[in-house]
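Participant: Before I ask anything, here is the structure I am working with.
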Amino acid sequence: MADIQRYFEKFHADIRFDYELEQELREKREIILEKIREKLKQDSRPGFDAKLQGSYAMKTGVKPTGEQVYDMDVGLHFRFSESEFTAAEVRRWVWDAIKSHTANVVSKGPCIRVSYAKGYHLDLVIYATWADENGREHSRLAHNEDRWVAADVKKLMAYVGEAKDRFKGTEDAIGIDQLRRVIRYLKRWDDVWMPTDGSAKPSGLAYTLLTIDSLTAPVKSWHHTSDDLEALRQVATAAANAIGRLVAKKPTPEFEDMFAKLSDDEMNALKRRFALLADALSSAANEPDPVKACSVIQRQLGDTFTVPDPKDTASKTRAPAIVTSSSSA
């Protein structure tokens, strides 16, 4: 069996995208936030705390491909209870501040989206956050249907953080653990096979929760180093063999299933794609030639996955034993 872990880690480094890596996006974020703060101050409105959320906060972002664009989710946390203002009021405060900031500002269900001509957008998600008389913190999201929706971003981040902690000792050369690497592999795989957004395309959070549910401990090779091929194969196999629909429920209110938007036909198509991925990874795992193994994987994960030059591999193989361990490497 060929040892191709280095090519998985190179692939991860090539597709990785974090908030810290994109200066222009950071600058646009600060401009937007300052504009909102100034407008609120002029109108004597309450202020907010801004917090990254989504893939940037979880550090599971991937570079966009095809028709995908760079995006960033920013939570605006206002310090008052849901009873003090309506969701529509608070959304209108933010909308009035930025409605003409670019040529494309749209009020969507859970957010206000500011799109830029260069091919990226900022999603502003508005919350009321407060503590009750017992010191318990509450949070509600301002939906554009003029309603406050139960939400707990802090708890969701804690859930992902606890899952990541199980993978201490699996960090690659740039310090990213195996769990987040596998999440990024799945996101890029999905972008390769489904490059446009739509009802059939699962969200990044869906893949994050699916991976956390399927990958409960580090997956290592016989010599106790990370085996990302096998880790990804385990997730793909579990998804392909699941009875009925795939389910990935948020661990926070409203506990929605992140795969619920897919129709039954779309779900069946997704599971078939997972089966093809699992089969390809199994074939690669049994292939002694690194060039052939990487070629098989590249057909699933896209051209960014490196196929080595034959002269650089020279029959490098690995032993076939694969073990799953929860201990650190």
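The values are calculated or read from the model by the stated rules, or taken from the named source; none is laboratory data. What you see is a predicted model, and the numbers here were worked out from it, not measured in a lab. Every residue, glycine among them, receives a Cβ derived from its backbone with ideal geometry; neighbour counts consider all protein chains shown. Note: areas computed on protein heavy atoms with side chains; ligands, DNA, RNA excluded. Shrake-Rupley method; radii C 1.70, N 1.55, O 1.52, S 1.80 Å.
Participant: With unit charges on the beta carbon (Lys/Arg positive, Asp/Glu negative), name the residue among Asn134, Ile176, Leu76 whose Cα is farthest towards the positive pole of the charge dipole of the chain.
Facilitator: Value: Ile176.
Participant: Here's a follow-up. To make sure I understand the rule: partners must be lysines, Cα under 18 Å from the Cα of Lys261, and not fewer than 8 residues away in the same chain. Which ones qualify?
Facilitator: Lys108, Lys187, Lys201, Lys249, Lys250, Lys271
Participant: Which residue fluctuates most in the GNM of the chain (Cα springs below 10 Å): Val291, Val106, Val153?
Facilitator: Val106
Participant: I want to verify a result. In a Gaussian network model of the chain, Cα cutoff 10 Å, which of these has the top mean-square fluctuation: Glu266, Glu230, Glu24?
Facilitator: Glu24
Participant: Turning to a different aspect of this structure: In the Gaussian network model of the chain, springs joining C-alpha atoms below 10 Å, which of Lys118, Lys154, Lys63 carries the largest mean-square fluctuation?
Facilitator: Evaluated over the chain, the most mobile residue of the options is Lys118.
Participant: Would you compute the Debye intensity of the chain from its alpha-carbon atoms alone, equal scatterers and no solvent, and pass along log10 I(q)/I(0) at q = 0.07, 0.08, 0.10, 0.13 Å⁻¹ to two decimals?
Facilitator: -0.33, -0.42, -0.64, -1.01
Participant: Give me the net charge for the shell around Ser203: Cβ to Cβ below 14 angstrom, other residues only, Lys and Arg +1, Asp and Glu -1. Please report the intermediate quantities before stating the final value.
Facilitator: Working: positive: Lys108, Lys187, Lys201, Lys249, Lys250, Lys261; negative: Asp71, Asp73, Asp123, Asp190, Asp191, Asp197, Glu256, Asp257, Glu266.
Surrounding charge for Ser203 is -3.
Participant: Against the longest principal axis of the chain, how steep is helix 87-98, in degrees 0 to 90 to the nearest 10, with axes from Cα atoms?
Facilitator: Tilt of helix 87-98: around 80 degrees.
Participant: Round to a whole number: what % of the accessible area of the chain belongs to carbon and sulfur, probe 1.4 Å?
Facilitator: Carbon-and-sulfur percentage of accessible area, whole number: 49.
Participant: To continue, here is another question. Specify which residue in the list Ala236, Cys294, Ser44 is farthest towards the positive end of the charge dipole of the chain, using unit charges on the beta carbon of Lys, Arg (+1) and Asp, Glu (-1), about the Cα centre.
Facilitator: Looking along the dipole axis, the top candidate is Cys294.
Participant: Whole angstrom only: what separates the Cα centroid of segment 198-219 from the Cα centroid of segment 40-90?
Facilitator: Using only Cα atoms, the two centres lie 23 Å from each other.
Participant: Which residues make up the longest stretch of the chain that has no chymotrypsin sites (Phe, Trp or Tyr not before Pro) in a DSSP loop with at most 13 other Cβ atoms within 10 Å?
Facilitator: The segment 81-221 is the longest one with no such site.
Participant: Using only the alpha-carbon atoms, how far is helix 23-42 inclined from the longest principal axis of the chain? Give it as 0 to 90 degrees, nearest 10.
Facilitator: Once rounded, one gets 20 degrees.
Participant: To the nearest 10 degrees, how steeply does helix 204-214 sit against the main Cα axis of the chain, on a 0 to 90 scale?
Facilitator: The angle comes out near 50 degrees.
Participant: Right, something else. In Å², what does the accessible area per residue of the chain work out to with a 1.4 Å probe? Walk me through the numbers on the way to the answer.
Facilitator: Details: 15370 Å² over 329 residues.
Here the residues of the chain average 47 Å² of exposed surface.
Participant: Magnitude of the Cβ-charge dipole of the chain, K/R +1 and D/E -1, about the Cα centre, nearest 20 debye?
Facilitator: Using only the charged Cβ atoms, the result is roughly 140 debye.
Participant: Further question: For the chain, what does the helix formula give at 222 nm: sum of -39500 (n - 2.57) over DSSP H segments with n ≥ 4, over the residue count, nearest 500 deg cm²/dmol?
Facilitator: -13500 deg cm²/dmol
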